[in-house]
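Structure, as structure tokens:
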Amino acid sequence: MNHKIEVFISSDRISKRILEIANEIDKHYKGSDNLILIGLLRGSYMFMSDLSKLIKTPHEIDFITASSYGAGTVSSGDVKILKDLDGDIKGKDIIIIEDIIDTGNTLSKVKEILSIRNPTSIKICTLLDKPSRREIAVSVDYIGFEIPDEFVVGMGLDLDQKYRHLPFVGKITE
Ligand code: 5GP
């Protein structure tokens, strides 16, 4: 079944905001030679790629996969690491890249796991934030857009693995 999707945040607005975030990151990490972006798969792939191209500070990239919602749209709170990072993060400045923070369960668990490995610093960057849904407090350093409690797709976000490729953030209307 295909859904009707309406543009919620346009591709233009997203590009402008990603450039602003990249500039903030460059300002903060000026001179760092240990920066690494860690994307939470699969949702972060598009945002991470767009952001990485605009960050001028030299950086590495790695990915981690945590268990997702599956076919449903509700977080269980039981988060598991399904695929770990390939590299070591000891002594690195890491930025965890997320597509959206909802309850905060996924991110707080991933942050906890990565903190134990002694990186020099950890920051969190998300394209979208739904603060009204938070169950666990997580401090987020870079936020693209705060959105209300609505289910969105596009820019890496899916509904049953569909719609990730859309270059805008959309709402399902039918
Ligand atoms: P949390 O653990 O913060 O509740 O969930 C974060 C994950 O839930 C996101 O990485 C994303 O996969 C999924 N998620 C949360 N809200 C939405 C939404 O509005 N749309 C989609 N497609 N996924 C969402």
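The values are calculated or read from the model by the stated rules, or taken from the named source; none is laboratory data. Remember, predicted model here, so these are calculated numbers, not experimental data. Neighbour counts are summed over all protein chains in view; Cβ atoms, including those assigned to glycine, are modelled from backbone coordinates with ideal geometry. To get the accessible areas, we keep the full protein, side chains included, count just its heavy atoms, and leave off ligands, DNA and RNA. Shrake-Rupley method; radii C 1.70, N 1.55, O 1.52, S 1.80 Å.
Structure above, values below:
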item: Sequence of M46, M155 from largest to smallest accessible area, 1.4 Å probe; result: M46, M155
item: Relative contact order %, the stretch 1-59, counting alpha carbon pairs below 8 Å whose residues are six or more apart; result: 44
item: Residues whose placed amide H lies under 5 Å from that of G144, excluding near-sequence neighbours; result: T126, L127, L128
item: H59 long-range amide H proximity, modeled H, under 5 Å; result: none
item: Furthest towards positive pole of dipole, G104, L82, I21, structure part the chain, Cβ charges; result: I21
item: Fraction of antiparallel bridges per DSSP, the chain only, in percent to nearest 5; result: 30
item: Cross-link table K27/K109; K4/K171; K53/K171; K30/K123; K56/K109; K30/K53, entries beyond 18 Å C-alpha to C-alpha; result: K27/K109; K53/K171; K56/K109
item: The chain, helix-only ellipticity at 222 nm - DSSP H runs n ≥ 4, -39,500 (n - 2.57), divided by all residues, nearest 500; result: -7000 deg cm²/dmol
item: Rounded tilt (10° steps) of 105-115 against the dominant C-alpha axis of the chain; result: 10
item: Shape category assigned to the stretch 35-159 from the gyration tensor of Cα positions, a/c cut at 1.5; result: prolate
item: Alpha-carbon centroid distance for the pair the stretch 1-64 / the stretch 114-174, whole angstrom; result: 11
item: Relative contact order (percent, whole number), the chain, Cα cutoff 8 Å, 6+ residue spacing; result: 26
item: Cut-off under 5 Å, modelled amide H: who pairs with F168 long-range; result: M155
item: By average C-beta atoms within 10 angstrom, highest first, the peptides 37-43, 146-152, 120-126; result: 37-43, 120-126, 146-152
item: FRET efficiency estimate (nearest 0.05) - Cβ-Cβ, K53 to S115, R0 41 angstrom; result: 0.90
item: Degrees separating the helix 45-54 axis from the principal Cα axis of the chain, which is the longest one; result: 50
item: Net lengthening on full extension, N34/R134 (0.36 nm per residue, minus Cα-Cα); result: 32.9 nm
